[in-house]
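The values are calculated or read from the model by the stated rules, or taken from the named source; none is laboratory data. Quick caveat: nothing in here was measured; it's all calculated off a predicted structure. Note that each Cβ is placed from the backbone with ideal geometry, even for glycine, and that neighbours are counted across all protein chains shown.
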Amino acid sequence: MSSTEAPPRPCVVVGREDAADGVVTLTLRDAEGAPLPEWDAGAHVDLVLPDAVRQYSLCGAVGECGEYRIAVLREPESRGGSEYVHDRLAVGATVEVGGPRNHFAFEPAERYVFIAGGIGITPILPMIERAIAAGAEWELFYGGRSRASMAFVDRLTELGDRVHVLPQDEVGLLDLVTALADVERADTLTYCCGPEPLLAAVEGRCGPAGLARLRVERFSSDVEIDRVGDQPFEVELVQTGVTLTVEPGVSILDAVLDAGVDVDSSCEEGTCGTCETDVLEGVPDHRDVVLTDAEQAAGAVMMICVSRCRSKKLVLDL
């Protein structure tokens, strides 16, 4: 956890609705009635569940600090977090909520193209709200298996012909040629969230200028990390006064946990940002898919679940 991040707080489920087949929305409020931390479009929160920490994008109204709204897809093949949410978090239940944090930030532009696949629509909803408020041009291409499985369709279609709802069983795969026709325009930013095949297809159709103006958020990492040549290195934890040696094949996160230092983590594959840690000295070897190229080059933070070290030693704020 970054040293500036607030610890998780207990929240109560005050609302629950079915948003689509297999998708439930939860409305959460602070258990003591206090305001929740501010957030902006693209942010997500952590739900601290009994056996895991899971991340869900905020999809309510931007600027609303009285409550948070999330949408959760039931994924039977996952590690159980979504099933716990669906089966156990009824109205009145209490759950620890961490964050928010944002690695999918909404940036100023004159024009936006939004591409969403399935539950990837959740962070896009507040972005559309922001684009409308800014008076920007925008267009949404939203795909899913079927119309019944796609959350918030009624809410989106009320926004008019800028919204293209494209269920696969009706029209086939998303028409990325049309969606990305103007991806290299200097006045346009493209935001995409969804399953990895969609993100890979979008990235594959963008030229260099398009990639520079593309923003994506991943659910999981399919990036193959080359660990050949990994060397041991030292990590100093300034808050705890411990210096560790991290061997090849061992993550910084595992080494820190083995030393008895408590660190929040979740995905352990460099996609969620939960283990983001401030770097005080040294050069990280970034292997995550969370930080932008500029953030990685700055080297001020790193994801200790997958990233390593290019220098002989790292000094971390832990």
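Brief remarks follow.
- Against the numbered list (1) within 19 Å of HIS44 (Cβ to Cβ); (2) in a helix (DSSP H, G or I); (3) touching a residue at least 12 places away in the same chain (Cβ under 8 Å), GLN296 comes up short only at (1).
- Any hit, region 62-74, residues being surrounded by fewer than 18 Cβ atoms within 10 Å (Cβ to Cβ), free of Cβ contacts under 8 Å to residues at least 12 places away in the same chain and not assigned by TED's automatic domain parsing to the domain that holds GLU276: yes
- In region 292-315, the residues that are crowded, with 21+ Cβ neighbours inside 10 Å and within 23 Å of the chain's Cα centre (by Cα): VAL301, MET302, MET303, ILE304, CYS305, VAL306, SER307, ARG308
- Some residue of region 85-92 being under 17 Å from GLU17 (Cα atoms), touching an Asp or Glu at 6+ places or on another chain (Cβ under 6 Å) and not assigned by TED's automatic domain parsing to the domain that holds GLY172: no
- Residue under evaluation VAL163, criteria (1) closer than 25 Å to ALA212 by Cβ; (2) more than 21 Å from the chain's Cα centre (by Cα), criterion not met: (1)
- Note on region 38-58: residues that are surrounded by fewer than 18 Cβ atoms within 10 Å (Cβ to Cβ) and in a loop (DSSP other than H, G, I, E, B) amount to 4.
- Enumeration of residues in region 226-250 that are part of a loop (DSSP other than H, G, I, E, B), farther than 28 Å from HIS103 by Cα and of a type in the set (Val, Ile, Thr): VAL228
- Scanning region 164-205 for residues that are more than 23 Å from PHE219 (Cα to Cα) and of a type in the set (A, V, I, L, M) yields VAL171, VAL177, ALA181, ALA186.
- Flag for ALA200 being in a helix (DSSP H, G or I), within 26 Å of GLU107 (Cα to Cα), in the same structural domain as ILE304 (by TED's automatic domain parsing) and not acidic (Asp, Glu): no
- Residues within region 59-90 that are of a type outside the set (Gly, Ala, Ser) and assigned to a helix (DSSP H, G or I), tallied: 6
- Qualifying positions in region 252-287 - over 25 Å from VAL97 (Cα atoms), buried (at least 21 other Cβ atoms within 10 Å of the Cβ) and either under 19 Å from the mean Cα position of the chain (by Cα) or among the hydroxyl-bearing types (Ser, Thr, Tyr) (or both): HIS286
- Filtering GLU96, GLU107 for residues that are in contact (Cβ under 8 Å) with a residue 24 or more places away in the chain and under 17 Å from the mean Cα position of the chain (by Cα) leaves a single hit, GLU107.
- Search result, residues across region 251-266 that are assigned to a loop (DSSP other than H, G, I, E, B), under 23 Å from ARG54 (Cα atoms) and either without any contact (Cβ under 8 Å) to a residue 60 or more places away in the chain or of a type in the set (Phe, Trp, Tyr) (or both): SER251, GLY260, VAL261, ASP262
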